[in-house]
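Below you'll find the structure, written out as structure tokens, and then a few comments.
The values are calculated or read from the model by the stated rules, or taken from the named source; none is laboratory data. All figures in this text were calculated on a predicted structure; none of them were measured in a lab. Cβ coordinates were reconstructed from backbone atoms using ideal geometry, including for glycine residues, and neighbour counts include every protein chain displayed.
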């Protein structure tokens, strides 16, 4: 990683199912925000299109622990905000791309392999560039509203459309390979950013 060698960066490998007893976690996460008045950022992956939607999750589906984990994190953050008067900001981040993505991060066109499309390819996604996301996070942290706020690009397209654009742009000879879709895969993922725009920090 490009941050290796930076004295302000530390990489820790740890199994999340095991307790991690290090001073960094105890001071920075558990107590520092309350003690010194720091502002705490919680980011979860965006799925509901509008922030006011409470969610309708299949509790026994293959994605349930992921979806419910996000909702639980938001619940705990808001309880900490209300109960301990900690400054909290909640961001729901939608699909993001940019430099230094992993080479095996589904970008098969770069490796001259077939483009994989799951299901019929009609499920939609919207992608934002990483620098736009960073700017949105900074504005959220500097603002006065807790959230949650959607951070993403409202422009959406189908996965089949994306595959065809990659095919035309990178390799016209690349084949599109259809595979069975995963269970409970969201059919639509398009952020509504109206709330952030009305809060004045996101802009138009």
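Residues of the range 64-84 that are under 21 Å from residue 199 (Cα atoms) and loosely packed, with under 15 Cβ neighbours inside 10 Å: 82 alone. Restricting attention to the range 52-63, the residues that are within 18 Å of the chain's Cα centre (by Cα) and surrounded by fewer than 14 Cβ atoms within 10 Å (Cβ to Cβ) add up to 4. For the range 167-204, filtering for residues that are touching a residue at least 24 places away in the same chain (Cβ under 8 Å) and more than 23 Å from the chain's Cα centre (by Cα) leaves 10.
Considering the conditions (1) modelled with pLDDT under 90; (2) more than 27 Å from residue 64 (Cβ to Cβ); (3) outside any loop (DSSP other than H, G, I, E, B), residue 116 is excluded by exactly one of them, (2). Residue 123 satisfies every condition listed in (1) within 24 Å of residue 53 (Cα to Cα); (2) out of contact with any strand residue (DSSP E or B) (no Cβ under 9 Å at 6 or more places or on another chain) except (2). Residues that are part of a helix (DSSP H, G or I) and buried (at least 18 other Cβ atoms within 10 Å of the Cβ) occur at least once in the range 32-51.
Here is a yes/no grid of residues against (1) in contact with a helix residue (DSSP H, G or I) (Cβ under 7 Å, 6 or more places away or on another chain); (2) within 17 Å of residue 121 (Cα to Cα); (3) surrounded by 17 or more Cβ atoms within 10 Å (Cβ to Cβ); (4) modelled with pLDDT of 95 or more:
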{"position": "138", "(1), (2), (3), (4)": "no, no, no, no"}
{"position": "141", "(1), (2), (3), (4)": "no, no, no, no"}
{"position": "145", "(1), (2), (3), (4)": "no, no, no, no"}
{"position": "152", "(1), (2), (3), (4)": "no, no, yes, no"}
{"position": "159", "(1), (2), (3), (4)": "no, yes, yes, no"}
{"position": "165", "(1), (2), (3), (4)": "no, yes, no, no"}
{"position": "177", "(1), (2), (3), (4)": "no, yes, no, no"}
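Against the test of being modelled with pLDDT under 80, surrounded by fewer than 16 Cβ atoms within 10 Å (Cβ to Cβ) and either more than 17 Å from the chain's Cα centre (by Cα) or under 30 Å from residue 143 (Cα atoms) (or both), the options 108, 29 yield a single qualifying residue, 29. Within the range 52-96, the set of residues being in a loop (DSSP other than H, G, I, E, B) and touching a strand residue (DSSP E or B) at 6+ places or on another chain (Cβ under 8 Å) comprises 86, 94, 95.
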